[in-house]
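The values are calculated or read from the model by the stated rules, or taken from the named source; none is laboratory data. Note that this is a predicted model, so its numbers are computed, not measured. So basically every Cβ, Gly included, is an ideal-geometry build from the backbone, and we count neighbours across all protein chains shown.
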Amino acid sequence: DFDKFLWQLKFSKPFISIAHNMLFGGLTTENINANAGIAAPQNGYQESGLLLNQLIAFNYLHLANIYLNTGVFYHWDSARSWQQNALWVAGVSVGF
C-alpha cells in the first residue's frame, strides 16, 4: 500500500496498492486420485496487480466502513499477451 490518498471526499478516499501472488507446489499421485476435482498448476502460478482500494466508502450504522475496491491483475505465462492474461477485479472489504 502507498501511504497517500489520491483524493479525499466524504464517500471516497482511494489509495493505490501493488500485489504479487504466487503458487508453487503440486499434488502427489495419492492426492490426485483421492480428490479428482482438484488440480494444481504444473509450473506454478504467478500474477501481479495494481489495485485502487477504498474507491467508494459506505459507513454502516457507525459500526463499520464498507469499501469498494477495484484493480487489474496480469497472469505471467509464456504467451505474454495482455488481452489473454489480464483480468479486471472488484472486491468489497470491511474496516472497523
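When you look at residue 48, is it surrounded by 10 or more Cβ atoms within 10 Å (Cβ to Cβ), closer than 25 Å to residue 88 by Cβ, hydroxyl-bearing (Ser, Thr, Tyr) and at pLDDT 95 or above, yes or no? For residue 48, the condition - surrounded by 10 or more Cβ atoms within 10 Å (Cβ to Cβ), closer than 25 Å to residue 88 by Cβ, hydroxyl-bearing (Ser, Thr, Tyr) and at pLDDT 95 or above - is met. Within region 53-96, the only residue that satisfies the criterion of being in a helix (DSSP H, G or I) and either closer than 24 Å to residue 4 by Cα or in contact with a strand residue (DSSP E or B) (Cβ under 7 Å, 6 or more places away or on another chain) (or both) is 85.
Within region 18-45, the set of residues being part of a strand (DSSP E or B) and either surrounded by fewer than 10 Cβ atoms within 10 Å (Cβ to Cβ) or touching an Asp or Glu at 6+ places or on another chain (Cβ under 9 Å) (or both) comprises 18, 19, 20, 21, 22, 45. Annotation note: of 11, 15, the sole residue that is at pLDDT 85 or above, exposed (fewer than 15 other Cβ atoms within 10 Å of the Cβ), closer than 18 Å to residue 95 by Cβ and of a type in the set (A, V, I, L, M, F, W, C) is 11.
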